[in-house]
Amino acid sequence: MQLADATRHRINQLLKENNMKLFDLSKAAGISLPTICDFMKNDTKNLRMDTMLHICEAFNITLKDFFDNPFFDEVISE
């Protein structure tokens, strides 16, 4: 699985676990809704690390918690 796909899967997993929608994540993370939607629709391939940090903060987890998931066990280069 490519890194961006694994990241999308993980974000979707966390959205479900936290009973959130992309709009909720956008507000909690302080990131524009188009930025998140474009990434989730695969219109944008990558997120900046500071954006990832804000996403993690919105889910109240660390970057380590985010990436310490089986989705990232078999990540391949894009």
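The values are calculated or read from the model by the stated rules, or taken from the named source; none is laboratory data. Because the structure is a prediction, the values reported are computed rather than measured. Positions of Cβ are generated from backbone atoms using ideal geometry, with glycine treated the same way; all protein chains shown enter the neighbour counts. Remember, those area values only see protein heavy atoms, side chains included, never the ligands or the DNA or RNA. Shrake-Rupley method; radii C 1.70, N 1.55, O 1.52, S 1.80 Å.
Structure notes:
- Positions within the range 1-21 being open to solvent by less than 60 Å² (accessible area, probe 1.4 Å) and either in contact with a His (Cβ under 9 Å, 6 or more places away or on another chain) or closer than 26 Å to ILE76 by Cα (or both), in sequence order: ALA4, ASP5, ALA6, THR7, ARG8, ARG10, ILE11, GLN13, LEU14, LEU15
- If you go through the range 37-46 and pick out every residue that is touching a residue at least 24 places away in the same chain (Cβ under 8 Å) and either in contact with a Ser or Thr (Cβ under 7 Å, 6 or more places away or on another chain) or assigned to a helix (DSSP H, G or I) (or both), you end up with 2.
- Any hit, the range 51-66, residues being touching a Phe, Trp or Tyr at 6+ places or on another chain (Cβ under 9 Å), in a helix (DSSP H, G or I) and loosely packed, with under 14 Cβ neighbours inside 10 Å: yes
- Of all residues assigned to the range 23-33, at least one qualifies as being among the acidic types (Asp, Glu) and at pLDDT 95 or above.
- Subset of the range 40-50 [among the hydrophobic types (A, V, I, L, M, F, W, C) and either at pLDDT 95 or above or surrounded by fewer than 12 Cβ atoms within 10 Å (Cβ to Cβ) (or both)]: MET40, MET49
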